[in-house]
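In what follows, a single structure is set out as structure tokens and then discussed.
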Amino acid sequence: MRNRICLILLFCCLVSACQHDNPCRVTIGETNFSIDPNTDANYAPLFHVGGYIYLTGGHHGVVVVRTALTEFVAYERTCPCNNHSRVEMSKDWSGLLECPECHTLFNVYNFGYPMDGGATSCPLYQESTTYDGSRLYVY
């Protein structure tokens, strides 16, 4: 009987440990759209390098950032620390997205990885992007 209890406790410990093996699970939704980031006035913030815009898609929306003349990044706005929280550009916009709940800062120029000292070591979910010189595809 004692061995059974020990085995059951050991099994429970292993199962709970497995649930924490991948703390970077983020709820994402469907994202598939294209925009003209050069001439469409709806996307004027993207006319210049460093500009960003929030768009619908994904779970909590998507933020698109123009990182160079011909390069863009797009991130799911769901915080990897809390699936109920939506990241936003930091108040001083220094290339950082911030979670208003856990206050982790994520660097858009470093694949969405958090800055040291954040509540998580998990990066933001990065959407795929393709830019053909006139249209930006986010998927």
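The values are calculated or read from the model by the stated rules, or taken from the named source; none is laboratory data. Being a predicted model, the structure only gives us computed values, none of them experimental. Glycine gets a Cβ as well: all are built from the backbone with ideal geometry, and neighbour counts include every protein chain shown. Accessible surface is based on the protein model in full, side chains and every heavy atom, while ligands, DNA and RNA are left aside. Shrake-Rupley method; radii C 1.70, N 1.55, O 1.52, S 1.80 Å.
Can you name every one of the strands (runs of 3 or more DSSP E) wholly within region 54-107 that holds 3 or more residues which are in contact with a Ser or Thr (Cβ under 8 Å, 6 or more places away or on another chain)?
71-76, 82-86, 96-98
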Practice problem: Test THR27 against the stated conditions and say whether it is open to solvent by 20 Å² or more (accessible area, probe 1.4 Å) and more than 17 Å from TYR125 (Cα to Cα). | Solution: no
Quiz item: Conditions: (1) loosely packed, with under 14 Cβ neighbours inside 10 Å; (2) modelled with pLDDT of 95 or more; (3) not small (Gly, Ala, Ser). PHE72 meets all but one. Number of the miss?
Solution: (1)
Quiz item: Can you find a residue in region 117-131 that is under 21 Å from ASN32 (Cβ atoms), open to solvent by less than 20 Å² (accessible area, probe 1.4 Å) and at pLDDT 95 or above?
Solution: yes
Self-check item: Near pairs, Cβ below 7 angstrom, 6+ apart or cross-chain, from region 35-49 (over 11 Å from ARG66 (Cα atoms)) to any residue that is exposed (fewer than 12 other Cβ atoms within 10 Å of the Cβ)
Solution: ASP36/SER134
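To keep it simple, each residue is scored yes or no on (1) touching a helix residue (DSSP H, G or I) at 6+ places or on another chain (Cβ under 6 Å); (2) surrounded by 21 or more Cβ atoms within 10 Å (Cβ to Cβ).
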| site | (1), (2) |
| --- | --- |
| ILE35 | yes, no |
| ASP40 | no, no |
| GLY51 | yes, no |
| GLY61 | no, no |
| VAL64 | no, yes |
| GLU76 | no, yes |
| SER85 | no, no |
| MET89 | no, no |
